[in-house]
1. Only residues in region 28-43 that are charged (D, E, K, R) count as the first member; pair them with residues that are open to solvent by less than 50 Å² (accessible area, probe 1.4 Å) and part of a loop (DSSP other than H, G, I, E, B), Cβ under 8 angstrom, at least 6 apart or cross-chain, and list the lot.
2. Any residue at all in region 87-109 that's over 13 Å from Leu47 (Cα atoms), in a strand (DSSP E or B) and touching a helix residue (DSSP H, G or I) at 6+ places or on another chain (Cβ under 9 Å)?
3. Would you please list the contacts, defined by Cβ atoms under 7 Å and residues six or more apart or on different chains, that run from a residue in region 50-78 that is closer than 22 Å to Ser90 by Cα to a residue that is open to solvent by less than 40 Å² (accessible area, probe 1.4 Å) and in a loop (DSSP other than H, G, I, E, B)?
4. Output the residues belonging to region 26-71 that are of a type in the set (Phe, Trp, Tyr) and either closer than 17 Å to Val111 by Cβ or modelled with pLDDT of 95 or more (or both).
5. Tally time: how many residues in region 24-53 are within 13 Å of Ser70 (Cα to Cα) and touching a Cys at 6+ places or on another chain (Cβ under 9 Å)?
Amino acid sequence: QVQLVESGGGLVQAGGSLRLSCAVSGSIFRFITIGWYRQAPGKQRELVVSADRSGVTNIADSVKGRFAISRDNAKSTVYLQMSSLKSEDSAVYYCNTAPGSIWPWGQGTQVTVSS
């Protein structure tokens, strides 16, 4: 069974940057479209950015120009570089297949942006 382990979250001031990582167990990683989701308190989980197996990306308007996804197929790891962070970016961030999530969710990594 695929396992997802997210890391890299933390507390950052508005305008700051963070880089998240998600390690995916198993060898299927290189064949799938992977995405980063986030869930803020009281809100539904939303897909914010994804990258297909060739690295072609799809980015939500709310983070366009600020977030960038990259993947290392050899390491089965996906990254999320976040910059110009805003308070509304505060959430728990998860990775999973995209646009529909088919794997069990990992524990996520908390990102808190202070204004």
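The values are calculated or read from the model by the stated rules, or taken from the named source; none is laboratory data. Fair warning: this is a prediction, and the values are worked out from it, not measured in the lab. Glycine also receives a Cβ, built like all others from the backbone with ideal geometry; neighbour counts cover every protein chain displayed. For accessibility, only protein heavy atoms count, side chains too; no ligands or nucleic acids. Shrake-Rupley method; radii C 1.70, N 1.55, O 1.52, S 1.80 Å.
1. Listed pairs, sorted by first residue: Arg30/Asn73; Arg30/Ser76.
2. No, because not a single residue in region 87-109 is over 13 Å from Leu47 (Cα atoms), in a strand (DSSP E or B) and touching a helix residue (DSSP H, G or I) at 6+ places or on another chain (Cβ under 9 Å).
3. Partner pairs satisfying both residue conditions: Ser50/Ala98; Arg66/Ser83.
4. First, the residues of region 26-71 that are of a type in the set (Phe, Trp, Tyr): 29, 31, 36-37, 67.
Selection gives Trp36, Tyr37, Phe67.
5. Residues flagged as within 13 Å of Ser70 (Cα to Cα) and touching a Cys at 6+ places or on another chain (Cβ under 9 Å) within region 24-53 amount to 3.
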